[in-house]
2 protein chains.
Amino acid sequence: VARPKARRTLQEFALIRTLQRTFGQGGPSIVQGMGDDAAVVAANPKTWYILTTDLLAQGVHFDLRTASLESVGYKAAMANLSDLAAMGATPRYCLVSLAAPSGRTENDIHQLYRGMMRACRRHRVRLIGGDTSGSKQGLFVNLTLIGTTPRGRALFRRGARIGDSVYVTGTLGDSRAGLSLLQEPKRKAARQRSTRLPFSRRRMLINRHLYPTARIQEGCMLARYRLASAAIDLSDGLSGDLHHLCEQSHVGAEIELAALPLSPACRAFASCLNADPVQLALSGGEDYELLFTVPHRNQPRLEHLARVRGFRMTAIGRITARRTGVMVKRPDGTRRSLPSISYEHFRRVT
Amino acid sequence: VARPKARRTLQEFALIRTLQRTFGQGGPSIVQGMGDDAAVVAANPKTWYILTTDLLAQGVHFDLRTASLESVGYKAAMANLSDLAAMGATPRYCLVSLAAPSGRTENDIHQLYRGMMRACRRHRVRLIGGDTSGSKQGLFVNLTLIGTTPRGRALFRRGARIGDSVYVTGTLGDSRAGLSLLQEPKRKAARQRSTRLPFSRRRMLINRHLYPTARIQEGCMLARYRLASAAIDLSDGLSGDLHHLCEQSHVGAEIELAALPLSPACRAFASCLNADPVQLALSGGEDYELLFTVPHRNQPRLEHLARVRGFRMTAIGRITARRTGVMVKRPDGTRRSLPSISYEHFRRVT
């Protein structure tokens with residue numbers, strides 16, 4: 001079973017923090033170094049460059065038994081585009097490096113590129129550099145994406161203030177439900193109860209897993225109108241990524257479970273499997289939706305602009321003091337603390 | 001045996017060309033897309049951004065039996081810095097992604113970073129982004145380096161004109177000699193004739209292989225004073241890289257074998273092994289020296305500036321018409337065509 005792309009183990013997070021502290025550097029035109037979704041460099045008096053890079057390994061971040069090379073390429077590009085969306089950037093350029101084992105044909109590599117380019121074209125991103133070489137075992141793809149924002153208009157993880165509302169775009173948990181469907185045994189008899197799930201719902205969930213959508217337009221709107229005080233994209237899952245945002249903003253948060261946006265397909269999936277859709281929404285990663293915080297005074301404008309543009313944006317809670325930590329409020333009004341759920345934990349839940 | 005980093009097979013070159021043609025794109029502010037040492041983007045009216053990315057795979061590009069993690073990191077950074085040097089860029093920022101198998105300790109990762117950062121510090125490059133995750137097998141490192149040149153001052157592979165002189169920096173073949181020494185059997189008795197090589201020479205050659213020097217200052221000088229008409233860095237070896245430069249410039253070249261700059265250590269190595277040092281210089285890759293072409297009128301200025309700054313730059317031939325191809329002139333005055341020697345071929349020669 002492949003670990004969802006951006007899900008890291010707790011040790012990995014600790015290591016990344018140590019590397020940041022030890023080797024991360026500031027400098028004259030560096031607005032943001034390591035520690036956010038992307039780095040920010042002041043390229044000229046009017047423009048910031050936003051840069052992000054991601055390495056995907058076969059068997060760790062993707063599984064070619066459940067995904068085609070074309071969808072792996074598509075998703076790899078979208079995951080990086082999502083990092084730019086979380087910064088409010090307009091994506092511009094892309095560099096790709098690839099290490100492929102000798103068993104891979106030229107056609108395989110083309111499939112992978114075709115997927116990446118399909119995602120990039122949707123956002124008018126240009127492929128400007130590439131490198132292809134060998135690997136002893138397994139396929140490795142690295143993407144570097146570069147976007148721009150007007151100077152001073154990028155969104156960061158830091159910046160959330162007590163009292164701000166917490167929002168998410170789209171719906172949560174679909175991708176994890178889609179992954180579960182992909183990982184089911186091939187034989188119909190062995191598929192347990194999920195066979196009751198209508199085909200259109202199945203397809204929607206699987207599509208959300210294989211072909212996620214980076215919320216580029218939503219991110220640009222938030223940055224352009226200075227609506228959000230902080231933002232992050234949901235790659236690790238709501239609970240994990242909310243913890244990241246709160247940590248960097250030095251705040252706590254309270255999420256209303258009843259407010260979490262769930263798709264009908266996700267609800268149907270959960271009811272077929274007798275599972276809790278709220279758990280999928282909280283801890284299912286790779287939704288690539290945006291999680292962002294909005295000061296009280298910006299809420300009417302946000303709601304108006306979202307309506308006009310047809311963006312789904314749902315208020316799911318509010319920012320609290322750091323000492324209260326990250327909490328969830330159940331529909332019955334009781335509260336519990338929300339752990340930064342790791343993948344291993346999640347696997348036991350479903 | 002690890003294949004030298006940048007040595008690609010002929011199939012890989014063919015694939016890269018196909019990908020370029022199929023997916024490479026131009027655009028409003030893209031000065032150079034795929035197909036040179038690095039991509040060039042017009043970041044503002046005064047500055048070009050130069051971007052390069054490279055993925056290194058354990059067992060393919062580096063071999064941890066002959067190199068420490070620290071030296072792997074150092075060399076990975078220098079190889080990317082060398083791409084920027086070939087464009088005449090001043091390096092600025094670096095993004096690193098890493099996939100490490102679970103057997104790697106935090107200390108291992110730190111060693112690798114320490115090496116990268118040592119190379120970066122020498123050129124005041126700042127680490128602004130990083131990503132660390134797991135790998136099923138083997139260590140993978142991807143570096144993205146970003147440099148700048150004043151607008152219009154980057155060097156390209158295209159641009160060499162008939163009659164231009166061909167130059168290289170430093171000396172050639174040392175890195176390949178160093179790799180041979182590293183690959184020797186450990187037991188002294190089995191080391192054949194290379195035991196006669198003095199320790200200081202040994203160390204120099206091994207150092208040139210493990211800790212190459214990117215010719216950043218040399219590249220900046222060439223770009224700043226508009227001295228060179230074309231440039232490339234020597235990663236695949238003189239014969240291969242000269243072919244690349246000639247192909248992109250639509251010219252031929254004639255190299256004087258007697259003029260190739262050889263270090264005393266490389267000569268001593270070759271004489272111990274009864275080998276031809278000129279072969280090492282022609283086909284041993286990973287020297288990370290610059291190969292560049294200089295119009296006749298710029299030669300006096302180049303020679304003067306190189307002398308003043310203490311840069312070793314040697315004229316080794318001249319650019320000819322495309323139809324004559326890439327030739328070498330032997331000391332006895334006879335000529336032969338220079339094949340774009342592949343790694344496999346080279347291995348048979350020594």
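The values are calculated or read from the model by the stated rules, or taken from the named source; none is laboratory data. Just so it is clear, the model here is predicted, and its values are computed rather than measured. Cβ sites come from the backbone with ideal geometry, for glycine too, and all protein chains shown count toward neighbours. What goes into the accessible areas is simple: the full protein's heavy atoms, side chains included, and nothing from ligands, DNA or RNA. Shrake-Rupley method; radii C 1.70, N 1.55, O 1.52, S 1.80 Å.
Summary table
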{"item": "Breaking point among (1) under 19 Å from the mean Cα position of the chain (by Cα); (2) surrounded by fewer than 24 Cβ atoms within 10 Å (Cβ to Cβ); (3) within 9 Å of chain A (Cβ to nearest Cβ), for B:Asp63", "result": "(3)"}
{"item": "Given (1) closer than 24 Å to B:Gln20 by Cβ; (2) open to solvent by less than 40 Å² (accessible area, probe 1.4 Å); (3) at the interface with chain B (Cβ under 9 Å from one of its Cβ atoms), index of the condition A:Phe23 fails", "result": "(1)"}
{"item": "Inter-residue pairs, beta-carbon under 6 Å, first in contact (Cβ under 8 Å) with a residue 40 or more places away in the chain and more than 7 Å from chain A (Cβ to nearest Cβ) and in the range B:131-151, second part of a loop (DSSP other than H, G, I, E, B) and open to solvent by 10 Å² or more (accessible area, probe 1.4 Å), 6+ apart", "result": "B:Arg151/B:Lys46"}
{"item": "Matching option when the condition is farther than 28 Å from B:Met78 by Cα and without any contact (Cβ under 8 Å) to a residue 24 or more places away in the chain, among B:Gly333, B:Gly310", "result": "B:Gly333"}
{"item": "Of all residues making up the range B:245-259, the number that are open to solvent by 10 Å² or more (accessible area, probe 1.4 Å) and within 16 Å of B:Leu172 (Cβ to Cβ)", "result": "4"}
{"item": "So A:Ser133, is it touching a helix residue (DSSP H, G or I) at 6+ places or on another chain (Cβ under 8 Å), polar (S, T, N, Q), open to solvent by less than 20 Å² (accessible area, probe 1.4 Å) and within 18 Å of A:Pro212 (Cβ to Cβ)", "result": "no"}
{"item": "When residues of the range B:284-306 are limited to those that are in a loop (DSSP other than H, G, I, E, B) and more than 16 Å from B:Ala214 (Cα to Cα), the one most open to solvent (accessible area, probe 1.4 Å)", "result": "B:Pro295"}
{"item": "Set A:Arg161, A:Arg157, A:Arg176: member being among the basic types (Lys, Arg) and surrounded by fewer than 22 Cβ atoms within 10 Å (Cβ to Cβ)", "result": "A:Arg161"}
{"item": "Where B:Tyr93 falls short, out of the listed (1) open to solvent by 10 Å² or more (accessible area, probe 1.4 Å); (2) more than 8 Å from chain A (Cβ to nearest Cβ); (3) at pLDDT 90 or above", "result": "(2)"}
{"item": "Residues within the range A:307-324 that are out of contact with any helix residue (DSSP H, G or I) (no Cβ under 8 Å at 6 or more places or on another chain), of a type outside the set (Lys, Arg) and surrounded by 14 or more Cβ atoms within 10 Å (Cβ to Cβ), tallied", "result": "2"}
{"item": "Residues of the range A:111-128 satisfying the condition of being at the interface with chain B (Cβ under 7 Å from one of its Cβ atoms) and open to solvent by 10 Å² or more (accessible area, probe 1.4 Å)", "result": "A:Arg126"}
{"item": "Total residues in the range A:195-206, condition in contact with a helix residue (DSSP H, G or I) (Cβ under 7 Å, 6 or more places away or on another chain) and assigned to a helix (DSSP H, G or I)", "result": "7"}
{"item": "Failed item, numbered, when B:Met221 is tested on (1) under 26 Å from B:Asn80 (Cβ atoms); (2) part of a loop (DSSP other than H, G, I, E, B)", "result": "(2)"}
{"item": "Verdict on B:Thr66 being at pLDDT 90 or above and within 19 Å of B:Ala119 (Cβ to Cβ)", "result": "no"}
{"item": "Where A:Leu305 falls short, out of the listed (1) within 16 Å of the chain's Cα centre (by Cα); (2) over 23 Å from A:Lys329 (Cβ atoms); (3) modelled with pLDDT of 95 or more", "result": "(1)"}
{"item": "Test: residue in the range B:174-193 that is part of a strand (DSSP E or B) and in contact (Cβ under 8 Å) with a residue 60 or more places away in the chain", "result": "no"}
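Results for (1) more than 22 Å from A:Ala57 (Cβ to Cβ); (2) facing chain A (nearest Cβ under 7 Å); (3) surrounded by 22 or more Cβ atoms within 10 Å (Cβ to Cβ); (4) in contact (Cβ under 8 Å) with a residue 24 or more places away in the chain, shown as yes or no for each residue.
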site: B:Ile30; (1), (2), (3), (4): yes, yes, no, no
site: B:Asp36; (1), (2), (3), (4): yes, no, yes, yes
site: B:Ala57; (1), (2), (3), (4): no, yes, yes, yes
site: B:Ala67; (1), (2), (3), (4): no, no, no, yes
site: B:Val72; (1), (2), (3), (4): no, no, yes, yes
site: B:Ala79; (1), (2), (3), (4): no, no, yes, yes
